[in-house]
Amino acid sequence: MRKAGIGLWIAAILAALIGVSSLRYLVLGVAGAPDNVAANTYARTGALVFHAALASVALILGAFQLFPGFRARWPAWHRRSGTVYVISCLLAGVAGLLLAAGASSGPIATAGFGLLAIIWIGCTAQAWRLARAHDFVRHRRWMIRSYALTFAAVTLRLYLPAAIIAHLDVVTAYRAISFLCWVPNLIFAELWLRRAAPFRTSPPLASPSRNPG
């Protein structure tokens, strides 16, 4: 439990740092983006700023949702921030899908980031649907998957400088990172869900009570 708590805090700190730094797009626009990102065909339509801003909000808010104490102590805030998280993910995912289609690194990067956007939207929508159905165990499972994909914003920014330090070709590395930034995250989330006892089984949805006789 202590290791899990440390891991959560590390993830939350990284999410906050990346999320806050990415909000610079609201001020600088495309001019604040790296050259390989700004070269995107649809970057200057506003899709990049829209995606970065909303994904940053999701990244920061989602980190708080991971802490059980936060959910237990402030349930109303958990619901409100969770709603903002879901809306941010869905809208950022749509913008991300547009940006994936305009990736200047070619069809491999388009496929990588496009699949990320589609699966991100799907996982988040499923988590929201289950919350509305009051199936909170399955809701948490899908929300963990959703945040694993949201966290791609962090892993992407860890891989890019690592590729530069390793003197790899930027375009080739970017194509690989379009998958590496989220596939391992999702695999890790699935493995963790299999080991975490509260998530192994989910009780059925509560059926309406019946009056005897």
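Residues are listed down the side, and each one gets a yes or a no for (1) touching a helix residue (DSSP H, G or I) at 6+ places or on another chain (Cβ under 6 Å); (2) at pLDDT below 95:
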residue: Ser105; (1), (2): yes, yes
residue: Phe113; (1), (2): yes, no
residue: Ala117; (1), (2): yes, no
residue: Arg129; (1), (2): no, no
residue: Arg138; (1), (2): yes, yes
residue: Arg145; (1), (2): yes, no
residue: Leu160; (1), (2): no, yes
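Does segment 114-135 include one or more residues that are surrounded by fewer than 18 Cβ atoms within 10 Å (Cβ to Cβ), touching a Phe, Trp or Tyr at 6+ places or on another chain (Cβ under 6 Å) and not small (Gly, Ala, Ser)? Yes, some residue in segment 114-135 is surrounded by fewer than 18 Cβ atoms within 10 Å (Cβ to Cβ), touching a Phe, Trp or Tyr at 6+ places or on another chain (Cβ under 6 Å) and not small (Gly, Ala, Ser).
In segment 68-85, of all residues being open to solvent by 10 Å² or more (accessible area, probe 1.4 Å) and under 16 Å from the mean Cα position of the chain (by Cα), the one that is farthest from Ala127 (Cα to Cα) corresponds to Val84. Considered as a group, the residues in segment 142-184 that are polar (S, T, N, Q) and within 20 Å of Ser105 (Cβ to Cβ) include one that is most open to solvent (accessible area, probe 1.4 Å), and that residue is Thr172.
Count of segment 27-67 residues, restricted to those that are in a helix (DSSP H, G or I), modelled with pLDDT under 75 and open to solvent by 60 Å² or more (accessible area, probe 1.4 Å), is 6.
Regarding segment 156-167, can at least one residue be identified that is within 14 Å of the chain's Cα centre (by Cα) and within 18 Å of Ala11 (Cα to Cα)? Reasoning before the result, please.
Filtering segment 156-167 for residues within 14 Å of the chain's Cα centre (by Cα) gives 156-157.
Pick out the ones that are also within 18 Å of Ala11 (Cα to Cα) and you get 156-157.
Yes: one or more hits.
The values are calculated or read from the model by the stated rules, or taken from the named source; none is laboratory data. Worth saying up front: this structure is predicted, and the values here are computed from it rather than measured. Backbone-built Cβ (ideal geometry, glycine too); neighbour counts: all protein chains shown. Surface areas here come from the heavy atoms of the whole protein model, side chains and all, with no ligands, DNA or RNA. Shrake-Rupley method; radii C 1.70, N 1.55, O 1.52, S 1.80 Å.
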